[in-house]
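Down below is the structure, laid out as structure tokens.
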Amino acid sequence: MTPPFAPRLAIVVVAAGSGTRLGMSRPKAFVSVGGRTLLELALEGVFAQPEPAQVVVVAPESHRAEAVTIGQRVAGAARDALTVVVGGDSRAASVAAGLAAVAEGVEVVLIHDAARALTPPEVFARVVERVRAENVGVIPALPVVDTIARRDAAGAVVEQVDRSQLAAIQTPQGFPLGAYRAAVAAIAPGAEHTDDASVFAAAGHPVVTVPGDDRAFKVTTPWDLRRAEQLVAGDRPALRTGIGVDVHAYDDNRALWLGGLYWPGEPGLAGHSDGDAISHAVCDALLSAAGLGDIGSRFGVDDPRFAEARGEVFLTATLELVRTAGFEVVNVAVQVVAQRPRFAARRHEVEALLTRTLGAPVSVAATTSDGLGFTGRAEGVAAIATALLRS
């Protein structure tokens, strides 16, 4: 799909590898790190780089739909810039599939490995700037800090190598698009290249380096995955709070469900679902704390699955979203403002039900507004919830 704007930059994110050395059943880019996949983390860096760009994700056929979902979630309002294509049997074939999807008018292309998921946005910017300034291939690189030795077939050290002339190469690797496409087309049958820059260099084009970043390491082994998890956990606070507010008017033609309980003899609450203001406010507080939007965006009124749905349905679905994002619920507190129902007699029952549902302590209090406002006029119920999460 060609984006509706005319980007001069395209970023091809290769996410089609199997990741067998990682020892996971899922393709590497779809392995979770702190509640988010490597692909999601990689795309966060891509979309945070400063220049508008077409972003082409190359995914395995088995996970194309998941790649689309992840990409659209990260892209947000820029989702029209996203293209997802199916990769090939090799990295070279996957890169070729990504290049074929690049839009007309693009001048610079970056090839990036999703496995280098924590690459900071400034690395992308450095590569693009150098490609444009010199019309060359550009790769981020780090100095080699270990002593390097050359060995013979028996493992004996032959000599030490001057490490000042060596560099550890990373991605994204950037190129003038036309010249890079020509270099790919000129690859000799059977030729093997260890990275994209070697393809460009084999065609006679110069390749230069810019400073890389320690965080742009490639997740290849379980040890790398653990390192990534520790870095991701360190990027966000251990505790996060959120606030949720929900309001529903009374409806005498409906049964009252509030706090997950049925309240016989009381007027119900109007709404697309059961109108359970307590459960809905708790959902909004949890989603707010996790940075996942709100109940309206997650479970819209246009979705027939949630028509007349009980509060427990929303709470359970919200809890799954929160846990998938890498958080656990510490506790939730709810304040109900209403003339009715009389809450004190069933407060502990509501707290017990919500605590079981969320697997964390929930406290509920109730008050009135001394005759002020719509709650004081007994026109409806308001609920305010706060949630505390930990990563």
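The values are calculated or read from the model by the stated rules, or taken from the named source; none is laboratory data. Predicted, not measured: the structure shown is a model, and the values here were computed from it. So basically every Cβ, Gly included, is an ideal-geometry build from the backbone, and we count neighbours across all protein chains shown.
For residues that are over 11 Å from the mean Cα position of the chain (by Cα) and in a helix (DSSP H, G or I), scanning just segment 48-75, find the one that is farthest from A16 (Cα to Cα).
Kept after step one, since they are over 11 Å from the mean Cα position of the chain (by Cα), are these residues of segment 48-75: 48-66, 68.
Right, trim to in a helix (DSSP H, G or I) and you get 48, 61-66, 68.
On the way: A48: 22, E61: 8, S62: 10, H63: 9, R64: 9, A65: 13, E66: 12, V68: 13 Å.
Result: A48.
Which residues, counting only those in segment 22-44, are of a type in the set (K, R) and part of a helix (DSSP H, G or I)?
Matches in segment 22-44: K28 only.
Being within 26 Å of V330 (Cβ to Cβ) and of a type in the set (D, E, K, R) is true for just one of D284, D252. Which residue is that?
D284
Can you go through A191, A233, A238, A168 and tell me which one is small (G, A, S) and modelled with pLDDT of 90 or more? Walk me through it before giving the result.
Values: A191 fails: modelled with pLDDT of 90 or more; A233 fails: modelled with pLDDT of 90 or more; A238 fails: modelled with pLDDT of 90 or more.
Exactly one residue qualifies, and that residue is A168.
When segment 366-381 is examined, which residues are found to be among the aliphatic types (A, V, I, L, M) and either on the phi > 0 side of the Ramachandran plot or surrounded by fewer than 13 Cβ atoms within 10 Å (Cβ to Cβ) (or both)?
L372, A378, listed by residue number.
Quickly run through segment 116-153 and pick out the residues that are touching a His at 6+ places or on another chain (Cβ under 9 Å) and either assigned to a helix (DSSP H, G or I) or farther than 27 Å from Y180 by Cα (or both).
Passing the criteria: only F124.
Scanning segment 236-271 for residues that are touching a Phe, Trp or Tyr at 6+ places or on another chain (Cβ under 8 Å) and under 16 Å from E312 (Cβ atoms), which turns out surrounded by the fewest Cβ atoms within 10 Å (Cβ to Cβ)?
A255
Working only within segment 365-384, note down all residues that are in a strand (DSSP E or B) and either in contact with a His (Cβ under 7 Å, 6 or more places away or on another chain) or under 22 Å from D251 (Cβ atoms) (or both).
A366, G380, V381, A382, A383, I384
So that you can scan it fast, the table gives a plain yes or no per residue for (1) over 22 Å from R298 (Cβ atoms); (2) touching a helix residue (DSSP H, G or I) at 6+ places or on another chain (Cβ under 7 Å):
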{"site": "V329", "(1), (2)": "no, yes"}
{"site": "V332", "(1), (2)": "no, yes"}
{"site": "V337", "(1), (2)": "yes, yes"}
{"site": "A345", "(1), (2)": "yes, no"}
{"site": "H348", "(1), (2)": "yes, no"}
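From A53, A48, grab the single residue that is closer than 27 Å to P211 by Cβ, surrounded by 21 or more Cβ atoms within 10 Å (Cβ to Cβ) and of a type in the set (A, V, I, L, M, F, W, C).
Working: A48 fails: surrounded by 21 or more Cβ atoms within 10 Å (Cβ to Cβ).
After applying the criteria, what remains is A53.
If only one of G174, G190 is assigned by TED's automatic domain parsing to the domain that holds G105, in contact with a Leu (Cβ under 6 Å, 6 or more places away or on another chain) and within 30 Å of E104 (Cα to Cα), which one is it?
Step by step, each of G174, G190 is checked, and only G174 is assigned by TED's automatic domain parsing to the domain that holds G105, in contact with a Leu (Cβ under 6 Å, 6 or more places away or on another chain) and within 30 Å of E104 (Cα to Cα).
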